[in-house]
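Working notes, beginning with the structure itself.
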Amino acid sequence: MGPANSYYNDLLQQGYSSEQALTWTRNYYPEFMVQQTIQQPQFPTLVPTPQPQHFAQPTVMMLPQPNNQNNVWLILGIVFAIAIAFTVILAGILYVWASDLASSQNIEGTWYNPVDTIIFNSDGSMTESTNTLVEWRIDGNDLFMSEGDEYEYYFKYQITGDFLFLAPYDDDLETIMEKDCIAYSSNIEAKDMDTFENTIGVFPTWCNPE
C-alpha cells in the first residue's frame with residue numbers, strides 16, 4: 001500500500017468523510033485515485049430440492065400358461081400310440097414264434113383217423129393206407145409227399161395238440177384247398193369216428209373240410 005493510500009485511510013479513521021479525505025489527500029498527492037473494492041454480489045445459497053426419483057419399471061412378459069388338460073390328452077395319446085405299437089410288435093413276435101413252434105413240432109410217428117393211418121419215418125420214408133405215397137419232407141409249414149420219383153404233392157400242415165391238419169395246395173402252389181383239408185390224431189382211439197369227432201377240437205382257419 002502506498003503513502004497516499006495510507007494518508008487517505010488515516011483521514012477516514014479520524015472521522016473525515018470519504019469526500020473530505022479525498023480532497024485533503026489530493027492536496028498532497030494530486031494523482032491519487034481511490035481504489036474501490038468491488039464487492040462480490042451475495043447470492044442466496046441454493047439448496048437443491050430433492051426431485052422424485054423415477055425408476056424404470058421392469059417389463060414383465062406374461063407367457064401363456066400351458067393348458068394342463070391338453071397336456072394330459074397329449075400324454076394319453078402318446079401312451080396309447082406306444083401301447084398299440086407294442087401290441088402290434090408283440091403280436092408279430094408271437095405269430096412268428098407260433099409258426100416256428102408249429103413247424104418245429106415233430107411230425108414223425110403214426111397218425112390216425114377213421115379212414116386212414118399214416119406213418120412218417122425218421123429216414124424220410126412213409127406208409128399210408130393206399131400204399132401210394134412213399135416219401136416225405138418238410139419245408140417250413142409245408143409238407144411234401146411223393147410217390148417216388150414221379151409225383152410230389154404239396155400240403156400245408158399244422159400240429160395242434162394231438163392233431164395233425166393237412167390241406168393240399170392248388171396247381172398254382174399258393175392257393176390252399178381248404179375244403180380238402182383232412183385231420184389225423186396221434187391217439188389210436190381216433191380210428192373210431194365218434195371218438196375222433198368228439199376230440200378233434202378247433203380246426204385252423206385254412207382248414208374247412210366239407
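The values are calculated or read from the model by the stated rules, or taken from the named source; none is laboratory data. Since we're looking at a predicted model, the values are computed, not measured. No Cβ is skipped: glycine too gets one built from the backbone with ideal geometry, and neighbour counts run over all protein chains shown.
One table, with the values for the structure above:
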item: Subset of segment 165-190 that is within 21 Å of residue 106 (Cα to Cα), more than 46 Å from the chain's Cα centre (by Cα) and not in a loop (DSSP other than H, G, I, E, B) - its residue that is modelled with the lowest pLDDT; result: 190
item: Filter pass, residue 195 being surrounded by 13 or more Cβ atoms within 10 Å (Cβ to Cβ) and at pLDDT below 90; result: no
item: Yes/no for residue 129 being polar (S, T, N, Q) and loosely packed, with under 15 Cβ neighbours inside 10 Å; result: yes
item: Residue that is modelled with the highest pLDDT [pool: residues in segment 86-120 that are part of a helix (DSSP H, G or I) and aromatic (Phe, Trp, Tyr)]; result: 86
item: Test: residue in segment 121-129 that is over 55 Å from the mean Cα position of the chain (by Cα) and assigned to a loop (DSSP other than H, G, I, E, B); result: yes
